[in-house]
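Colleague: Shown below is the structure under consideration.
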Amino acid sequence: RKEVEQDPGPFNVPEGATVAFNCTYSNSASQSFFWYRQDCRKEPKLLMSVYSSGNEDGRFTAQLNRASQYISLLIRDSKLSDSATYLCVVTDTGRRALTFGSGTRLQVQP
Amino acid sequence: DGGITQSPKYLFRKEGQNVTLSCEQNLNHDAMYWYRQDPGQGLRLIYYSQIVNDFQKGDIAEGYSVSREKKESFPLTVTSAQKNPTAFYLCASSINQGTDGYTFGSGTRLTVV
């Protein structure tokens, strides 16, 4: 079983749509959680950290459910520029290194 | 401006050769990491270093070696023992050992010819 699991997609949505990505992690001791965005053939870039209370950054909302070991990302009012792969990431508490999911690809269409 | 520099951007290697990928940061970060990414897959940890002169194996260290003689530098050597080295290699650093996320370099694409 992978440590971090994501639906690979692709999610094809029209501009203006709301789309949600989910992620599950296997290590209950994981402490820090993130969503990264990766454009084709580029390095990943931090989109947002994820907190237990839930947090929002503009059109993006992240939620964490520690009991279910589940992380989500909601994107409202999708833009063409949101097209990318979204990586779910958790911190490995033992070695303090990030563990990445395989990513969910989003394609926003005009 | 502070950041991480990886070089070269593209690298071609003949089978049986060792190659070294450079990673330099001027962010004053203590921790540095090397990841490998294959097409359609996530990043897998090769090696990491939390402090100068110390480093640890990640999940796929076989066929790779690293050194951390200076805080700013964490070069990765892909040896001939690595059976399938063609991949996208990403170096990262963090100030709080990953708890606040990473800063990534722009990556090196290695191709075996």
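Colleague: Within the stretch A:32-44, work out how many residues are over 16 Å from A:ARG105 (Cβ atoms) and more than 7 Å from every other protein chain (Cβ to nearest Cβ).
Modeller: Here is the first cut: in the stretch A:32-44, the residues over 16 Å from A:ARG105 (Cβ atoms) are A:32-34, A:43.
Subsequent filtering for residues that are more than 7 Å from every other protein chain (Cβ to nearest Cβ) retains A:33.
Adding up the residues that qualify gives 1.
Colleague: Residue by residue through the stretch A:83-99, note down the ones that are within 7 Å of another protein chain (Cβ to nearest Cβ) and touching a Gly at 6+ places or on another chain (Cβ under 6 Å).
Modeller: Going residue by residue through the stretch A:83-99, those that are within 7 Å of another protein chain (Cβ to nearest Cβ) are A:87, A:91, A:95-98.
Across the stretch A:83-99, the qualifying residues are A:LEU87, A:THR91, A:ARG96, A:ALA97, A:LEU98.
Colleague: Looking at (1) of a type outside the set (Val, Ile, Thr); (2) outside any strand (DSSP E or B); (3) within 13 Å of another protein chain (Cβ to nearest Cβ), which is the only condition B:GLY2 fails?
Modeller: Failed condition: (3).
Colleague: For the stretch A:42-60, which positions are in contact with a Lys or Arg (Cβ under 9 Å, 6 or more places away or on another chain) and surrounded by 18 or more Cβ atoms within 10 Å (Cβ to Cβ)?
Modeller: A:PRO44, A:LEU47
Colleague: Here is a follow-up. Restricting to the stretch A:65-96, count the residues that are under 15 Å from A:TRP35 (Cα atoms) and without any contact (Cβ under 8 Å) to a residue 24 or more places away in the chain.
Modeller: Qualifying residue count, the stretch A:65-96: 1.
Colleague: Follow-up question, since we're still on this one. Residues that are in contact (Cβ under 8 Å) with a residue 60 or more places away in the chain, at least 3 per element: which strands (runs of 3 or more DSSP E) completely within the stretch B:5-57 meet that? First the steps, then the outcome.
Modeller: Working: elements: B:10-13, B:19-25, B:31-37, B:43-51, B:54-57.
Here the list reads B:10-13, B:19-25, B:31-37.
Colleague: Name the single residue, out of those in the stretch B:22-79 being under 23 Å from A:GLY101 (Cβ atoms) and among the aromatic types (Phe, Trp, Tyr), that is surrounded by the fewest Cβ atoms within 10 Å (Cβ to Cβ).
Modeller: The residue in question is B:TYR64.
Colleague: Considering only residues of the stretch B:70-103 that are among the β-branched types (Val, Ile, Thr) and more than 22 Å from A:CYS40 (Cβ to Cβ), which is farthest from the other protein chains (Cβ to nearest Cβ)?
Modeller: Taking the stretch B:70-103 as the starting set, the residues that turn out to be among the β-branched types (Val, Ile, Thr) are B:77-79, B:86, B:95, B:99, B:103.
So of that shortlist, the ones also more than 22 Å from A:CYS40 (Cβ to Cβ) come out as B:77-79, B:95, B:99.
Values: B:THR77: 20, B:VAL78: 19, B:THR79: 22, B:ILE95: 12, B:THR99: 5 Å.
Top of the filtered list is B:THR79.
We did not get these values from a lab; they are worked out from the coordinates using the rules stated. Computed from a predicted structure; not experimentally measured. Cβ: placed from backbone, ideal geometry, glycine included. Neighbour counts: every protein chain shown.
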